[in-house]
Amino acid sequence: MQIRNPVFTADGRIDVEVNFPSWGWLAFTADPSDVEAQGREIFAAALEMGPAPYTPPAEDAGAA
């Protein structure tokens, strides 16, 4: 399975894009405690890739 663009989330999971054979590239949030083995495997593979650190969203300076 191919994965790309791993980025940590605020809670320690990893957002990645996964190339699923049936559906193509889809966004996926990998969790080390996923009930599905495939989810845990994606997390481990993403972790080995060196995910980018979590960056909080910028605050909207124009918000009322």
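Brief remarks on what is shown
- Rg/Rh ratio calculated on Cα atoms of segment 2-48 (Kirkwood radius): 0.94
- Of the residues 23, 35, 8, the one whose Cα sits farthest toward the positive end of the charge dipole of the chain, with +1 on the Cβ of Lys and Arg and -1 on the Cβ of Asp and Glu, is 23.
- Filtered chymotrypsin sites (Phe, Trp or Tyr not before Pro), the chain: DSSP coil and at most 14 other beta carbons within 10 Å: 23, 54
- For the chain, size of Cβ-based charge dipole, Lys and Arg +1, Asp and Glu -1, in debye: 160 debye
- Helical mean residue ellipticity (222 nm; -39500 (n - 2.57) per DSSP H run of 4+; nearest 500) of the chain: -6000 deg cm²/dmol
- Separation in nanometres of the label points that stand 7 Å from Cα toward Cβ, at residue 35 and residue 2: 3.1 nm
- Label-to-label distance, nm, for residues given as residue 47 and residue 25 (7 Å Cα→Cβ offset): 2.6 nm
- Counting beta carbons within 10 Å around each of 1, 49 and listing the fewest first gives the order 1, 49.
- Nearest-ten-degree value, helix 37-48 long axis tilted from longest Cα axis of the chain: 60 degrees
Every read-out reported here was derived from the displayed coordinates using simple, explicitly stated rules and does not represent laboratory data. As the structure is a computational prediction, the values presented were derived from the model and not from experiment. Because the Cβ atoms are built from the backbone with ideal geometry, glycine has one as well, and the counts that use them run over all protein chains shown.
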